[in-house]
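What follows is calculated from the coordinates using simple rules that are stated; it is not laboratory data. None of the values given here were measured: they were computed from a predicted structure. All Cβ positions, even for glycine, are placed from backbone atoms using ideal geometry, and neighbour counts span all protein chains on display.
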Amino acid sequence: MRSFCINPGWIRLFLTLAVIFSSQDWAIRAQDISYPDQIKAHRKKIREEHKNDPRSPLWPSDLRSLRYFPADENWKIEADFHEFSTKDSVMMPTSSGRLKYFLRYARAEFSVEGQTYSLSLYRPAAAAPGYSGLFLPFYDETNGSETYGGGRYLDLDSTHIRNGKIRIDFNHAYNPWCAYSGGFNCPVPPQENRLNLVLRAGEKVYKGRHRQGSKGK
């Protein structure tokens with residue numbers, strides 16, 4: 001009886017095509033997800049991270065007290081990205097009175113209703129080579145009433161810059177852990193990142209139980 005052999009080249013071709021079509025199918029499904037559902041999924045991920053991270057001050061019973069503004073695509077902004085040629089070292093005060101060291105990495109400029117705003121983007125001074133994260137701490141006119149009085153944060157990525165633009169989605173704005181608990185060193189947004197506008201997007205002020213330190217302690 002003659003044995004039946006499959007050419008390894010055909011196997012590789014089949015697997016490659018399967019990956020391509022699977023990736024295209026995933027991309028199509030991602031495009032079909034509405035923006036509010038994308039934000040809903042993002043917030044679900046944040047709750048899971050709090051639940052699974054022993055350093056987080058939030059216990060599972062606290063997660064129901066996380067509150068957010070409704071998703072608003074108008075706050076998904078394409079900002080002009082201006083990287084500084086000289087990245088000054090900045091000592092940023094924290095909620096505990098200690099200092100954290102950052103590099104003032106770039107400036108992001110954008111417009112809202114015809115008014116131009118500017119925010120500085122920072123990178124940890126001790127970041128490892130190849131680190132692409134950017135830290136955006138900011139205040140707006142909702143702080144102290146609708147949102148946490150100590151400001152809010154956004155995490156960006158310099159690898160996402162396209163044609164001199166970086167996307168800032170304020171629907172992803174989140175509270176520092178100091179909003180939930182004492183015992184943390186949360187950077188205080190600098191004066192240059194205080195926005196004179198009402199920014200109703202992202203996480204609202206926390207109304208749950210205020211704890212002390214990480215739940216893992």
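List of remarks:
- Gained length - residue 40 relative to residue 63, 0.36 nm times residue gap less alpha-carbon distance: 6.9 nm
- Residues whose amide H comes within less than 5 Å of that of residue 106, counting only those at least five positions distant or on another chain, are 84, 121 (H built at 1.01 Å from N in the peptide plane).
- Set of lysines with alpha-carbon distance to residue 165 below 24 Å, sequence-local pairs under 8 removed: 76, 87
- Signed unit charges on C-beta, dipole axis of region 91-217, positive-most listed residue 96, 205, 156: 96
- By other beta-carbon atoms within 10 Å, ranking 177, 59 with the fewest at the front produces 59, 177.
- A simple spin-label model places the labels of residue 101 and residue 185 1.1 nm from each other, with each point 7 Å out along Cα-to-Cβ.
- Each of 132, 181, 77 was scored by the projection of its Cα onto the charge dipole of region 35-212, and the greatest displacement toward the positive side belongs to 181; charges sit on the C-beta of Lys, Arg, Asp and Glu.
- Net dipole in debye of region 35-212 [+1 Lys, Arg Cβ; -1 Asp, Glu Cβ; about Cα centre; nearest 20]: 700
- The distance between label points at residue 85 and residue 72 comes to 3.9 nm (points 7 Å beyond Cα on the Cα→Cβ vector).
- Size of region 35-212 from its Cα atoms: along the principal axes, largest to smallest, the extents are 46, 36, 30 Å.
- Each Lys and Arg Cβ is given +1 and each Asp and Glu Cβ -1; about its Cα centre, region 144-207 then shows a dipole of about 160 debye.
- Mean separation of Cα contacts under 8 Å, 6 or more apart, over the residue count of region 35-212: relative contact order %: 27
- Debye, to nearest 20: dipole size of region 76-145, +1 on Lys, Arg Cβ, -1 on Asp, Glu Cβ: 480
- Which of 45, 100 has the fewest Cβ neighbours within 10 Å, and the rest in rising order: 45, 100
- Protection proxy ranking, peptides 68-76, 34-42, average beta carbon neighbours within 10 Å, highest first: 68-76, 34-42
- Note on residue 51: lysines with a C-alpha under 23 Å away, same-chain residues under 8 apart excluded, are 40, 204, 207, 215, 217.
- Ranking of 58, 63 by count of other Cβ atoms within 10 Å, fewest first: 63, 58
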